[in-house]
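Engineer: Below you'll find the structure I mean.
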Amino acid sequence: MRKILSLVVVLTLFSLSHTIYGHHAFTAEFDANAPINITGKVVKVEWINPHAWVHVEVQDESKATIWMVEGGTPNTLIRNGLNKNSIKPGTVINVRGYQSKGKLCLPRCIANGRDITFPDGSKVFMGSSGTGAPRDGADPKER
Amino acid sequence: MKNLIVLSFTLTFFPFNVAAENEHSDMHDLMAHLLTPASEAIWESSGYVITEEGEFSLEPKNEEEWERVLYGAKVITESAYLLSIPSRSENRKEWIVFAGLLEEVGEKAFEAAEQKDVEALFKIGAELYQVCVACHQVYMNE
């Protein structure tokens, strides 16, 4: 019974993670006081509207954690120089952003991405400005 | 198709004397239960998931899935009317503009879904989001 209950909780949280994070203002879902700076391997890219998502596997000493990082719309990313083939699974990237207000990381951690740094050192803004995200200098076009 | 027939019938015979006091939903409910699922039907109809195993298109795989897209598009189009009733739109000039844009996007999505044009749906999905965000930026905190 306990296992079934755990499964139900996990599945509910998983479905909520997709429902809640589908489309929203930054301030509704993300914590501007919880910046993240993660480095890991890209395991999945969801090139979808209204937000692209990059799933990054971050390995620490004891375990691997998957971070789902939200980007802007695919169109926004294309304008910034990213397309669906730019972020290949297996590539190790660094992502700066802000964690979701919910920090349980069940079933995975969720964050709003600001920029991605690729292995060659190139950096691309991956967020959406004007949605309430902090003016942190990540968006070179932000005034 | 059944959903579309029911929707068309409902909208055709919708009472013309809809008045402020006849609103059945507040704006949050209307967004959460009508426009959000309809928009998701458009957004989820195109795009790609890319993993080490390959690239997978999200395009509808059968008529039932296409029907969901058509239904979502029609709901978005007709929602423009629901947003424009006097009690919701009075003294809100930009609101009417956004409702009009929503109607246009819904019509384009319906046409693209009829033609099973997933590339067009992908672009329209982005336009739809822009309309949503633009409207939210003006009115969400009211």
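Engineer: With respect to B:Gln115, is the statement that it is open to solvent by 50 Å² or more (accessible area, probe 1.4 Å), out of contact with any Asp or Glu (no Cβ under 9 Å at 6 or more places or on another chain), within 12 Å of chain A (Cβ to nearest Cβ) and not aromatic (Phe, Trp, Tyr) true? Break it down into steps so the answer makes sense when it comes.
Structural biologist: On the way: open to solvent by 50 Å² or more (accessible area, probe 1.4 Å): yes; out of contact with any Asp or Glu (no Cβ under 9 Å at 6 or more places or on another chain): yes; within 12 Å of chain A (Cβ to nearest Cβ): no; not aromatic (Phe, Trp, Tyr): yes.
When the stated conditions are applied, B:Gln115 does not pass them.
Engineer: With the structure loaded, tell me whether B:Val133 is open to solvent by 30 Å² or more (accessible area, probe 1.4 Å), touching a His at 6+ places or on another chain (Cβ under 9 Å) and within 14 Å of chain A (Cβ to nearest Cβ) or whether it fails that test. Give the steps one after another, and end with the answer.
Structural biologist: Working: open to solvent by 30 Å² or more (accessible area, probe 1.4 Å): yes; touching a His at 6+ places or on another chain (Cβ under 9 Å): yes; within 14 Å of chain A (Cβ to nearest Cβ): yes.
Criteria met by B:Val133.
Engineer: Looking at B:Ala109, B:Ala99, can you tell me which residue is more than 23 Å from B:Tyr139 (Cα to Cα), among the small types (Gly, Ala, Ser) and either touching a helix residue (DSSP H, G or I) at 6+ places or on another chain (Cβ under 8 Å) or crowded, with 18+ Cβ neighbours inside 10 Å (or both)? Explain how you work it out, then say what you get.
Structural biologist: Numbers: B:Ala99 fails: more than 23 Å from B:Tyr139 (Cα to Cα).
Result of the check over B:Ala109, B:Ala99: B:Ala109.
Engineer: Let me ask something else. Report whether or not B:Glu59 is without any contact (Cβ under 8 Å) to a residue 12 or more places away in the chain, of a type outside the set (Phe, Trp, Tyr) and farther than 19 Å from B:Leu35 by Cα. Walk me through how you get there before you give the answer.
Structural biologist: Numbers: without any contact (Cβ under 8 Å) to a residue 12 or more places away in the chain: no; of a type outside the set (Phe, Trp, Tyr): yes; farther than 19 Å from B:Leu35 by Cα: yes.
So B:Glu59 does not fit the description; no.
Engineer: So which residues in the stretch B:77-87 are of a type outside the set (S, T, N, Q) and crowded, with 17+ Cβ neighbours inside 10 Å, if there are any at all?
Structural biologist: Looking only at the stretch B:77-87, we keep the residues that are of a type outside the set (S, T, N, Q), and these are B:78, B:80-83, B:85-86.
Hits for the stretch B:77-87 are B:Glu78, B:Ala80, B:Leu82, B:Leu83.
Engineer: Looking only at the stretch A:59-88, count how many residues are open to solvent by 10 Å² or more (accessible area, probe 1.4 Å) and without any contact (Cβ under 8 Å) to a residue 40 or more places away in the chain.
Structural biologist: Counting residues in the stretch A:59-88 that are open to solvent by 10 Å² or more (accessible area, probe 1.4 Å) and without any contact (Cβ under 8 Å) to a residue 40 or more places away in the chain gives 13.
Engineer: Condition test on B:Asn141, is it more than 30 Å from A:Lys41 (Cα to Cα), modelled with pLDDT under 95 and open to solvent by 40 Å² or more (accessible area, probe 1.4 Å)?
Structural biologist: Details: more than 30 Å from A:Lys41 (Cα to Cα): yes; modelled with pLDDT under 95: yes; open to solvent by 40 Å² or more (accessible area, probe 1.4 Å): yes.
It is true that B:Asn141 is more than 30 Å from A:Lys41 (Cα to Cα), modelled with pLDDT under 95 and open to solvent by 40 Å² or more (accessible area, probe 1.4 Å).
Engineer: Restricting attention to the stretch A:89-110, report how many residues are at pLDDT below 90 and either crowded, with 19+ Cβ neighbours inside 10 Å or among the polar types (S, T, N, Q) (or both).
Structural biologist: Within the stretch A:89-110, residues that are at pLDDT below 90 and either crowded, with 19+ Cβ neighbours inside 10 Å or among the polar types (S, T, N, Q) (or both) number 0.
The values are calculated or read from the model by the stated rules, or taken from the named source; none is laboratory data. Owing to the predicted nature of the structure, the values given are computational and were not obtained by experimental measurement. Backbone-built Cβ (ideal geometry, glycine too); neighbour counts: all protein chains shown. Areas reflect the complete protein model, heavy atoms only, side chains present, ligands, DNA and RNA absent. Shrake-Rupley method; radii C 1.70, N 1.55, O 1.52, S 1.80 Å.
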